[in-house]
Amino acid sequence: MKKPEKSLIICICGLAGSGKSTVGKLLARNYGLKYYSGGDALKALAVEAGYQPKNEGWWETSEGLKFLKQRAIDPHFDRRVDKKLLEFAKMGNVVLDSWTMPWLLKDGFKIWLEASLETRAQRVAGRDKIPLKEALAALKKKEEQTRQIYRKLYGFSLGEDFSPFHLIVDTENLTIQEVYQTIAKVIDNYLLKQDL
């Protein structure tokens, strides 16, 4: 696909295992947009704080959960990341893979990817090669702590408040390609023909 003529800001959001990072990167590549991940930015700050977030499923590890607890006590990590993502949004032609931007950013097209906890845990278990029971427990713990951080910092309920979103896609029984094609169809037929 060619780069759109007008500047695009796409926010993609969804809980772990919903497909948001994979779909976000596909959207960025296929529409010629820059891709920025709030999770990657947080990992960079974790490195500065002495952590070693090496693998993709690091957030569900004991070290990742420890950093999550530190973030709950010290909100400067999240505030720094969100400030940077807002700066990227101002430049335009971006895909922001973020849990906060749909609520903090006034502009942009906001997408939520939905899937059940069980399906997401199966995906994470397969991705990280860990037992399903372990993935399920880690996701539950991480998501509750993350909700508390954002509720305290910004007053919204991640995964419970869908008011900022223009599009919600149920990824439960879809392949990544099908999710991407669904979103691309909406972008082509609605977003690129509207003024948002």
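Just so it is clear, none of the values below were taken in a lab; they were calculated from the coordinates. Treat the numbers as computed from the prediction; the structure is a model and nothing was measured. As a convention, Cβ positions derive from the backbone with ideal geometry for all residues, glycine included, and neighbour counts pool all protein chains shown.
For the cross-link pairs Lys34/Lys129; Lys69/Lys133; Lys84/Lys193; Lys133/Lys185; Lys20/Lys43, which exceed 27 Å when the distance is taken from alpha carbon to alpha carbon? Pairs exceeding the cut-off: Lys34/Lys129; Lys84/Lys193; Lys133/Lys185.
First check a/c for segment 25-172, with a ≥ b ≥ c the square roots of the eigenvalues of its C-alpha gyration tensor; if it is under 1.5, answer rounded, and if not, answer prolate when a/b is larger than b/c or oblate otherwise. Here segment 25-172 falls in the rounded category. Loop-located GluC sites (Glu not before Pro) in segment 1-86 (DSSP state not H, G, I, E or B) with no more than 16 neighbouring Cβ atoms inside 10 Å: Glu5, Glu56. Of the peptides 66-78, 27-39, the order by per-residue mean of other Cβ atoms within 10 Å, starting with the highest, comes out as 27-39, 66-78.
Estimated purely from DSSP H runs of n ≥ 4, each contributing -39500 (n - 2.57), the mean residue ellipticity at 222 nm for the chain is -17000 deg cm²/dmol once divided by its residues. Given their separation in residues at 0.36 nm each and the Cα-Cα distance between them, Lys193 and Lys140 gain 15.1 nm when the chain is fully extended.
Cross-link partners for Lys152 among the aspartates and glutamates, with Cα-Cα distance under 13 Å and sequence neighbours closer than 8 places in the same chain left out: Asp74, Asp78, Glu144. Take each peptide in 104-113, 81-90, count the other Cβ atoms within 10 Å of every residue, and average; sorted highest first, the result is 104-113, 81-90. Summarising the strand pairing of segment 9-193, around 0 percent of its internal DSSP beta bridges are antiparallel.
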